[in-house]
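> Pasting a structure below so you can have a look.
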Amino acid sequence: MSARGETEVGGVGAGVVKIVVAGGGIDYRKHFAVPALRTFTWGCFYDAYGVLQSLALRESFRGTYSKYERYQEYKEVNMYAVIKTGGKQYRVASGEKIKVEQIAADVGQEIVIDQVLAVGNGAELKVGTPLVSGATVKATVVAHGKHDKVRIFKLRRRKHYQKRQGHRQQFTELQIGVIAA
């Protein structure tokens, strides 16, 4: 009997449980006794009853949606944009908070970022050349601050030269609002 990809389940209480999963030409039935047969499923070893139990739990938890369907729903709901500010590019969505290079704006002030490189909405993706015409992202300045200190240490071996220096880069924290394509 070829055991590749087959699964046989007998009565659990009767001790006649056979779950046969083989891959690469190895029949795992040779390595384990039949009543306590084990198999490799979903990244872990389960005994026969555990596999049956986890199958039922996974089906009741997952429902009728597959991972792909859940991902498609997630993509459809969230509109995102790729913006450019301070010489860097950021992927932003409405409601997110991001830290960008310092912007000369007061806390609470609403700013409009017009350098939008791409706008995505579900399966649609509009990529600019280099910018998407008419697309803007509105954001509110939440706070200004400094990042953690970056320590610079220079050393010339055998020359009695050591130099220590530190730097804290300033940032502006933005709350992303409306993304207009």
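The values are calculated or read from the model by the stated rules, or taken from the named source; none is laboratory data. Since the model is a prediction, treat every value here as computed from it, not as a measurement. Cβ atoms come from the backbone with ideal geometry, glycine included; neighbour counts cover every protein chain shown. Note: accessible area is taken over every heavy atom of the protein model, side chains too, but ligands, DNA and RNA are not part of it. Shrake-Rupley method; radii C 1.70, N 1.55, O 1.52, S 1.80 Å.
> Quick one: with all protein chains in place, what share of the accessible area of the range 115-174 is carbon or sulfur, to the nearest percent (1.4 Å probe)?
Ligands and nucleic acids excluded, carbon and sulfur reach 47 percent.
> Heavy atoms only, 1.4 Å probe, whole protein assembly: order THR172, THR140, THR85, THR129 by accessible area, highest first.
Largest to smallest exposure gives the sequence THR129, THR140, THR85, THR172.
> Report the label-to-label distance for LYS146 and ARG158 in nanometres (one decimal), using points 7 Å from each Cα along the Cα→Cβ vector.
3.9
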